[in-house]
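Following: one structure in structure tokens, then a few remarks.
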Amino acid sequence: MTKRKSTRKTTNKKKSEAQKQILLEKREQLIKKLTESKREESAPELDRGDDLDRAAASRDQEINYMLSSREREELRAIEEALEKIEMGVYGVCERCEKTIGAKRIKALPLAPYCHDCQSEMEVAQRRNRELGL
């Protein structure tokens, strides 16, 4: 039985290392994208052209801000996942502390909750919205 546990730990460690590499690559891509987006934001063209040009430039700037905001949130989630890998708790549901299924982790590597807990929370959120809470 000790040998079986040891093999399982080795397999989990290998999976965690593979997942860590995927997350590190994703983090690098996001940082690069955010850096490029920041460069574009620093050279606004809102003071040039006619009203239509300024409106289009303003809209583009707003879209870039919304995208970078979403990307910053994803970057934060990646950092949290990397920290969990280091702590040895990656793939553990934050709510029930059960293991998150391998298929879910593969599809959603940043998932903090198992499928059941996520579903329960979504149902509760929907119910609260319907009740106006």
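Read the figures in this text as sums done on the coordinates, not as results from a lab. Keep in mind that what you see is a predicted model, and the values were worked out from it rather than measured. Cβ sites come from the backbone with ideal geometry, for glycine too, and all protein chains shown count toward neighbours.
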Fill in the blank from the handout: Ranked on Cβ counts within 10 Å of their own Cβ, fewest leading, LYS20, LYS13 go LYS13, LYS20
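DSSP loop GluC sites (Glu not before Pro) in segment 65-133 with at most 14 other Cβ atoms within 10 Å of their Cβ, which ones? Walk me through the numbers before you get to the answer.
On the way: sites: GLU71, GLU73, GLU74, GLU79, GLU80, GLU83, GLU86, GLU94, GLU97, GLU120, GLU122, GLU130; in loops: GLU94, GLU97.
Hits after loop and neighbour filter: GLU94, GLU97.
Taking the beta-carbon count within 10 Å as an exposure proxy, list ILE22, ILE85 from fewest neighbours to most. Before the final figure, lay out the partial values.
Details: ILE22 14, ILE85 19.
Listed from fewest to most nearby Cβ atoms, that is ILE22, ILE85.
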